[in-house]
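Peer 1: Quick one: this structure, given as structure tokens, is what I'll be asking you about.
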Amino acid sequence: MKRLHLTTIAMTIVLATAGAIQASEITVTGKLQKTVESGGWLIVGKAKYLLINANKFQRETWFKESTDVEATGETKDVMTTYMEGTPFEARTIRPTEQGATRPTDDARKVTRVLVSGDSVVQAQPDTAVLLISVVTQSKQALDAQQQNATKTEATLRAVKAAAGSGSEVKTSGYSLQPQRVYKEGQPPTITGYEARNTVTVTLSDLSKVGAVIDAAGQSGANDVGGVTFILRQDRPARDKALSDATREAMSKAQVIAQALGGRVARIVEVQEEGFQRPQPIYQGEFSMARTQPATTPIEVGSLDVHSRVQLIAEIDLNP
């Protein structure tokens, strides 16, 4: 019992001493380093100290990774998510001689500006999409179906021949609908049936669009829902739009710097604020005349690719 009593007293003294040490103010030195803690920063020297009030100092220009600092404060007995270092509440932090090569904002007379750049690049479509339908009507549903099947088969053969090997032709819709007549006070009467078979044709050779429409009309198709021109390979246009938008933002920052009598010292942050994919170009419906003396004319326009960039520039106002 006496031995146990002495051990308890010794533990109490050790804990009390540890508490007293923890509560005292200390000075630590090391490099600033980001940590996995949410919004956390470390001072890494002989030991790691987790800054629990880093937001108090983050507006300082020298507060960045790898800056050598000296901090005075107290360690805290708190729990953090990852416990990557000893929790430390800094009263003061200053860059040491190694980390103080860059003057403070007040000494350098610097300011920051937020600017944006916009760009629109025009690009030629590289793909055409056609919706071609065969529509047949008959008093009997079976007759409408059979007539449609015959004409659709002929249309597919003609379209594939006109489109060539680099195209894609596929059925995208089929319907068989009754045709009704409505009279007041009477139930609707079915007078016949309409069969519709729609084929989607995708072309990379835009010069063949008119020929495909003509071939479809001459082989039995009687409805073209329109032609859509799109840009599948949009990376070159996107890169150019992004580059132009960035240059415009930089130009704005330089103009502001010159107006303030300074120069752009560095770019603090750059963000691609928005990119708008080119909107497809739509051509209207086409009438399907059976005898056409010339190829259906198709005029392909250009697509607009939009990009927007936002950047923060640091302007040095020193004379």
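Peer 1: Within the bounds of the stretch 255-277, is there any residue that is under 25 Å from Leu130 (Cβ atoms), crowded, with 17+ Cβ neighbours inside 10 Å and at pLDDT below 90?
Peer 2: no
Peer 1: Looking at Ser116, Ser138 in this structure, which one is hydroxyl-bearing (Ser, Thr, Tyr), surrounded by fewer than 18 Cβ atoms within 10 Å (Cβ to Cβ), in the same structural domain as Glu273 (by TED's automatic domain parsing) and on the phi < 0 side of the Ramachandran plot? Break it down into steps so the answer makes sense when it comes.
Peer 2: Numbers: Ser138 fails: in the same structural domain as Glu273 (by TED's automatic domain parsing).
It is Ser116.
Peer 1: Condition test on Gly225, is it under 29 Å from Gln122 (Cβ atoms), surrounded by 13 or more Cβ atoms within 10 Å (Cβ to Cβ), out of contact with any helix residue (DSSP H, G or I) (no Cβ under 6 Å at 6 or more places or on another chain) and touching a residue at least 12 places away in the same chain (Cβ under 8 Å)?
Peer 2: Numbers: under 29 Å from Gln122 (Cβ atoms): yes; surrounded by 13 or more Cβ atoms within 10 Å (Cβ to Cβ): yes; out of contact with any helix residue (DSSP H, G or I) (no Cβ under 6 Å at 6 or more places or on another chain): yes; touching a residue at least 12 places away in the same chain (Cβ under 8 Å): yes.
Here the answer is yes, as Gly225 does meet what is asked.
Peer 1: Identify the residue in the stretch 194-208 that is hydroxyl-bearing (Ser, Thr, Tyr) and under 11 Å from Gly173 (Cα atoms) and, among all such residues, is surrounded by the fewest Cβ atoms within 10 Å (Cβ to Cβ).
Peer 2: Here is the first cut: in the stretch 194-208, the ones hydroxyl-bearing (Ser, Thr, Tyr) are 198, 200, 202, 204, 207.
Still in the list and also under 11 Å from Gly173 (Cα atoms): 198, 200.
Working: Thr198: 18, Thr200: 15.
Among them, the one singled out is Thr200.
Peer 1: Which residue is modelled with the lowest pLDDT, if the candidates are limited to the stretch 23-41 and must be of a type in the set (A, V, I, L, M, F, W, C) and more than 14 Å from Pro95 (Cα to Cα)? Steps first, please.
Peer 2: Within the stretch 23-41, the subset of a type in the set (A, V, I, L, M, F, W, C) is 23, 26, 28, 32, 36, 41.
From what is left, the residues that are more than 14 Å from Pro95 (Cα to Cα) are 23, 26, 36, 41.
Values: Ala23: 52, Ile26: 92, Val36: 79, Trp41: 92.
Of everything passing the filter in the stretch 23-41, Ala23 is modelled with the lowest pLDDT.
Peer 1: Could you tell me how many of the residues in the stretch 163-221 are outside any strand (DSSP E or B), closer than 20 Å to Val134 by Cα and under 33 Å from the mean Cα position of the chain (by Cα)?
Peer 2: 2
Peer 1: Within the stretch 114-131, can you find the residues that are under 21 Å from the mean Cα position of the chain (by Cα) and among the polar types (S, T, N, Q)?
Peer 2: Passing the criteria: Ser116, Ser119, Gln122.
The values are calculated or read from the model by the stated rules, or taken from the named source; none is laboratory data. Model, not experiment: these values are computed from the prediction. Note that each Cβ is placed from the backbone with ideal geometry, even for glycine, and that neighbours are counted across all protein chains shown.
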